[in-house]
1. Which lysines, if any, have their Cα less than 21 Å from the Cα of residue 155, not counting same-chain residues under 8 positions apart?
2. Please list the helices of the chain that count as membrane-span-like by this rule: a mean Kyte-Doolittle hydropathy of at least 0.0 together with Cα atoms stretching 20 Å or more along the helix axis, each helix being a complete DSSP H run.
3. How large is the accessible surface per residue of segment 9-163, computed with a 1.4 Å probe and reported in Å² as a whole number?
4. Could you please report the charge total around residue 27, scoring K, R as +1 and D, E as -1 over all other residues with beta-carbon less than 12 angstrom from its beta-carbon?
5. Using 1/(1 + (r/R0)^6) with R0 = 45 angstrom and r between the beta carbons of residue 39 and residue 560, what's the FRET efficiency to the nearest 0.05?
6. Using DSSP loop states and a limit of at most 13 other Cβ atoms within 10 Å to flag chymotrypsin sites (Phe, Trp or Tyr not before Pro), what is the longest stretch of the chain containing no flagged site?
7. Run the helix sum for the chain: -39,500 (n - 2.57) per DSSP H stretch of 4+ residues, divided by residue count, reported at 222 nm to the nearest 500 deg cm²/dmol.
8. Hey, got the dipole for segment 479-593? About the Cα centre, +1 on K and R Cβ, -1 on D and E Cβ, debye to the nearest 20?
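The values are calculated or read from the model by the stated rules, or taken from the named source; none is laboratory data. This one's a predicted model, so the numbers in the text were calculated from it and none came from an experiment. With ideal geometry, Cβ positions are generated from the backbone for all residues, glycine too; neighbour counts draw on all protein chains shown. Side chains included, ligands, DNA and RNA excluded: accessible areas come from the protein's heavy atoms. Shrake-Rupley method; radii C 1.70, N 1.55, O 1.52, S 1.80 Å.
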Amino acid sequence: MVQKKLFTIEFVAQILLKRGLISKEQYREIILKGDIQKAKLQKSQEPLSSRRFQPYIVLPAEVISSFNIEIPGKESAILTDDAITEAIAAEVKLPYVKIDPLKLKLDVVTGIPRPFALRHLIVPIEEKDGVVTIAVADPFNLDAIESLKHTKEMKIRLVLSSKNDILKIVREFFGFRASVAAAEAEMPTGTELGNLEQYFKLKEHGEIEATDQHIVTAVEFLLNYAFDQRASDIHVEPKREKSFVRLRIDGVLHYIHTIPKSIHPPLVSRIKMLSRMDIAEKRRPQDGRIKTNYKGKEIELRVSSIPVAFGEKIVIRIFDPEVLLQDLDQLGFYPREYQLYNAFIRRPNGIILVTGPTGSGKTTTLYSSLKTLSSPEVNIVSIEEPIEMVIEEFNQIGIQPAIGVTFATILKNILRQDPDIIMVGEIRDKETAENAVQSALTGHLVLSTLHTNDAPSSIIRLLDLGIPSFLISSTVIGIMAQRLVRKICPHCKKERMLYDEEMEHLQIVKKPIKVSYGEGCIECRGTGYRGRTAIFEVMELSDKVRPVLSDEIKLSTLYDIAKADGMINLRQAAIRKMLEGITTYDEVVAMTG
Ligand SMILES: [Zn+2]
């Protein structure tokens, strides 16, 4: 057991200085301003209402990390709460643990009372072979550790974790999981919801209401957790015995929760209620929206419910304006492509096409382009299927093919509304293509997408749709193909040499090449990736390309002219991201195969 010491800012600052994580100058600043900073943090954490028993303790690590200190000798590496906690752990000879919520069990974590856990920043994370592992944020909080010993009647193994991690776990476990467990406990006993008959029996006894406080809390926690994890989608899927909750993070689905089947219907009802769907309607697919807030910014959720074999499946798509609407230069462009594309969208009229498969970030590019162009003097109209995110500056129209309101019909009628710039969700038929060409010829700038693999093949697609080459030549300004590649997690980034076969596969010159990859850590859920960036292939219909266009032109000819004109293809752009240590070899191969 560690010796009782004073867990002060000075004590921790000394550890950091000794380990070279701060400079002498930074040390002096911490000592000088530490107490004032601590008082500030203390004030910001004061309970807003009297409902919370008392403020959390402000620990030295969070005071020091709030200075956002740059680690000496490491460019733009900021000294984080985690890094400080890790240094303290090494100093007091306790294992440092970054807590992974997925590996924890509800009954272990909630084995101590919540107020105790919050007051002392202490949480049990594992019980195995008569030993309970306890994560603490303050290694010298011996009284609390002592009193746990008496209640637990087990051997105690101490580990050090950051206050943030511990608070997150306590909130999450006493939140979503406890709410689900509490709601389940309210169910009439002896009811299994494996089949329909029992379901109706249960209904007679009274189903849990969607307004049940535990269900309300569970949904709130589920949404916040998804935002926390930067998820783009939440899936709530009923199976025969259980229901699964999965989150899509950086394009990949992860299992997050297994919930009792009995909780599925009220959980779904609550979500449907929030998204203003008809709760009684369970046989027909429905759509809805939720507008909510997270950390002071507005987030829009598009919710859909679809009846499947074992109940209603809910998918919530999360539209984070910071992802969907970015500055164009934040998307991942290289200078040449950025300049070309930026010049395209500044033209007064013509057609710009963005191409790629579903999920390649086309919508983000289009929204971000329109946002760049939007001003009180221009009338921007977008025709979408469906409207992905409501943006006030644009006039957005959703298509409804069931009643004959299609891209083509709206496009034809929209010209009467005097638009300057028109975005058409997708060109997939002759009529839409012809109307887009017509709009461009009459002085409008048209932005749209095509479902093709690369830029040159979009010309072939337009020819296939029946647009003659002379009209393509006189209207299309340029075409941009794009993909999203996952970025390597900065927390577990490692380097290696590229193998010979890999170099051969990418057809790059044989000399030793260093590349990076993510080993997998808790920050990235073991995937080695965190976040995504886009790669672009931009083809301009330049004076070199136009004269060669004909109705019979071959795809291979188009590739050749584009290449001669200086086009960098998707594979080359991806390789460049790999060489810069932004993405991996695997990702290059997977996304530009
Ligand atoms: Zn990682």
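1. The qualifying lysines are 4, 93, 103, 105, 128.
2. On the way: long enough: 24-44 (28 Å, -1.17); 213-228 (22 Å, 0.66).
Span-like helices in the chain: 213-228.
3. Dividing the accessible area of segment 9-163 by its residue count gives 54 Å².
4. Neighbour charge sum, excluding residue 27 itself: +2.
5. Numbers: r = 69 Å, r/R0 = 1.52.
Given R0 = 45 Å and the Cβ-Cβ separation, E is 0.05.
6. Result for the longest clean stretch: 54-498.
7. One gets -11000 deg cm²/dmol as the mean residue ellipticity at 222 nm.
8. Dipole magnitude for segment 479-593 comes out near 500 debye.
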